[in-house]
Structures are given as C-alpha cells and as structure tokens.
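Asks: Below you'll find the structure I mean.
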Amino acid sequence: MLTKEHIDDLLNKNGNIVSADGDKIGSLGQVYADDDNGQPTWVTARTGLFGTSESFIPLEGARLEGRDIVVPYSKDQVKDAPRVDAEGHLDPSEEDRLYAHYQLNGTVTYTQAAKGDRADSGRTGDQSAAGLSATERDAGFAAAGTGGTYSAADGSADRDTSGLADRDAMTRSEERVNVGTERQAAGRARLRKYVVTENVTRTVPVQREEVRLEREPITGGNRGEALSGPDISEAEHEVVLHEERPVVDKEAVPVERVRLDTETVTDEVTVDEQVRKERIEADGVDDSRR
C-alpha cells in the first residue's frame, strides 16, 4: 500500500507506471493526495509523444517495484481513461467519470500532492492536503518522471523539462541536414527514321558514231576492187550510226548504324535549408573561466 510517506520518494525516482503484466504505461507524472488525510490516491502517467498527455490512474491496489509503480490495470484501460486536465485538483464531476471508468466507488476529493497547502479544496471544501507534513508541504512535490523534483512555489513545475536526462544534466539537441540524391525521369529521347528526296547530279561520258567521207585514189592495190563492177551504174550504200545514252539504276545500300546511348555527367547543386538548434543558458551561475 502506498502512503503519504512514499510521495517524496516517488517523485524523486523518475520512475514509470507499469501494468500488472509488465507493460510500461508511461512515465510517472503527478501524485494526487486525499484532501482529508493526505494519502496518495491518484497518479498520472505521462504518455504520448514526449509525454505530452497525462492519464489518471487510481493507486488503490498499486505497489512499488524498485522505482516503478505497478498498478492493477492494463495499458489499454489506462489509455481509454477519460481525459482530465492535470491542473492540480480534481473536480467532483471529473472524479465521477474516472471512478466509473475504473469501476470504483469514490467518496472523497483528491488534490495534486505537488500543490501542498497551496491547493484548493475539493468536494470536502476545507481539508486540502491537510494530511501532508510540513516538510512535504514546503517541498511542493512537483511532477517527476522527466526532470527531477522542483518546488511548485517557484514555478518550476510548469517548465518544460523534457530535455533533462537526470537531475544534474540537460540534453541539447540540434537538427542536421542529410542530403542525398534520388533518380527520377528528366526527359525522353527517341529515334525516328523518315524519307527525304534530294537531287543528285552525276556526269558520265557517252559515245556516238558520226559519218565521215573518206576519198582514196585508185592505185595498184585497189584497182581490182574498183573495176569489179559495171562501168556505169547506179548504187546506194547505207551505214548504221550508234550512240550511248545514260542508264540510271537505283539501289538501297546500308550506310551507317544509329543508336541511342546514355552517359552520366556530374553537376554540383547547392542546397540551402534551415535547421534548428537548442541553446542552453544557465541562470545564477558564474560561467567565467578560471
């Protein structure tokens, strides 16, 4: 059974809320105490991205296991619990919704233990955190689980402590630009063959025959042929003339092969992108080098 003596220890251990079957429900958020006797009765589990959501879980039947709190509820049951703003105090209507979800009968009002004697009274109206000791009230019991323990009186409980790795150190993060390449289609190229007509001029030599008269005197060598015929007669003699004419013949012959090929060239592209960086400042600390 968890008692008010466990509150300080719980908030400083940065533990988790674990279901009975060992599933982590979330990190320990805030502890709510009974307005009448100061006993811890509700706890919040921080869930969601960076613990931005808080779910209320009753501490009835819960037990400590190391720095963790083991509750008799499943992770899904807690996840489906009614959404209630963890603002330091549970209203009666909010309590009734939580009791109905967890099938409990509630008759008291619970106030966040972190508020100490500064918290408002709930359904009872006059006993807000009355059961807490003076030491517990002065400590303030701010939310633990992501950043250690802070006093609610100095306003530290409202600060973002998600960057704390432990009580003495803070993690600083920054964005880095990782530039790569991806292959994508930039255009298309194709081969297309078509027919064009052009004039070709060639000069070729041609031969032809022409008539030429040749006269030769009567000699002893040709006298016999000259006197072989009649002395006086009529006669005709015909000669066929020849000439060459250009003859054109066309044939298709392969002259070259054309293909598409690709080559890779490298260009340089400048990438300009904005990145965010976290800065850490220390208040009240002398940072001068010695």
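Asks: Mind grabbing the base-10 log of I(q)/I(0) for the stretch 178-290 at q = 0.10, 0.11, 0.14, 0.22 Å⁻¹? Debye formula, identical points on the C-alpha positions, no solvent, two decimal places.
Replies: Ignoring solvent entirely, the Cα scatterers give -0.83, -0.89, -1.03, -1.42.
Asks: Along the Cα→Cβ direction, 7 angstrom out, place labels at Thr270 and Arg188. What is the inter-label distance in nm?
Replies: It is 3.6 nm.
Asks: Please list 263-274, 70-81, 24-35 highest first by mean number of surrounding beta-carbon atoms within 10 Å per residue.
Replies: Descending packing order for the listed peptides: 24-35, 70-81, 263-274.
Asks: Assuming R0 = 25 Å, what is the FRET efficiency of Ser233 and Val211, from their Cβ-Cβ distance, to the nearest 0.05?
Replies: Taking R0 as 25 Å, the efficiency between Ser233 and Val211 is 0.65.
Asks: Using a 10 Å cut-off on Cβ atoms, rank the peptides 223-233, 55-65 from the highest mean neighbour count down.
Replies: Taking the mean over residues of other Cβ atoms within 10 Å, the ranking is 55-65, 223-233.
Asks: How much length would be gained if the chain were fully extended between Ser53 and Arg67, taking 0.36 nm per residue of separation minus their Cα-Cα distance, in nm to one decimal?
Replies: Answer, rounded to one decimal: 2.9 nm.
Asks: Something else: Give me, ordered by chain and number, the residues 5 or more places off Gly26 or on other chains with an amide H under 5 Å from its own placed amide H.
Replies: Excluding prolines and chain starts, which carry no amide H, the hits are Ile17.
Asks: Further question: Return the subset of Lys13/Lys75; Lys75/Lys277; Lys79/Lys277; Lys24/Lys277 for which the Cα-Cα distance in this structure is over 26 Å, preserving the input order.
Replies: Pairs exceeding 26 Å: Lys75/Lys277; Lys79/Lys277; Lys24/Lys277.
Asks: Tabulate in residue order the Karplus-calculated ³J(HN,Hα) for the stretch 210-222, using 6.51 cos²θ - 1.76 cosθ + 1.60 with θ = phi - 60°, rounded to whole Hz; enter x for Gly and Pro.
Replies: Couplings: 10, 7, 9, 7, 10, 10, 9, x, 7, 10, x, x, 10 Hz.
Asks: Residue by residue through the stretch 17-27, which ³J(HN,Hα) values in whole Hz follow from phi under the Karplus form 6.51 cos²θ - 1.76 cosθ + 1.60 (θ = phi - 60°), with glycine and proline marked x?
Replies: Values, residue by residue: 9, 10, 6, 5, 8, x, 6, 6, 7, x, 7 Hz.
Asks: Hey, with R₀ at 22 Å, roughly what FRET efficiency would Asn222 and Glu244 work out to, going by the Cβ-Cβ distance, to 0.05?
Replies: E between Asn222 and Glu244, to the nearest 0.05, is 0.10.
Asks: Output the peptides 251-261, 2-12 sorted from most to least packed, where packing is the average of other Cβ atoms within 10 Å over each peptide's residues.
Replies: Ranked by mean Cβ neighbours within 10 Å, highest first: 2-12, 251-261.
Any read-out appearing in this document is the output of simple, stated calculations on the displayed coordinates, not a laboratory observation. Please read all numbers here as calculations on a predicted model, not as lab measurements. Cβ: placed from backbone, ideal geometry, glycine included. Neighbour counts: every protein chain shown.
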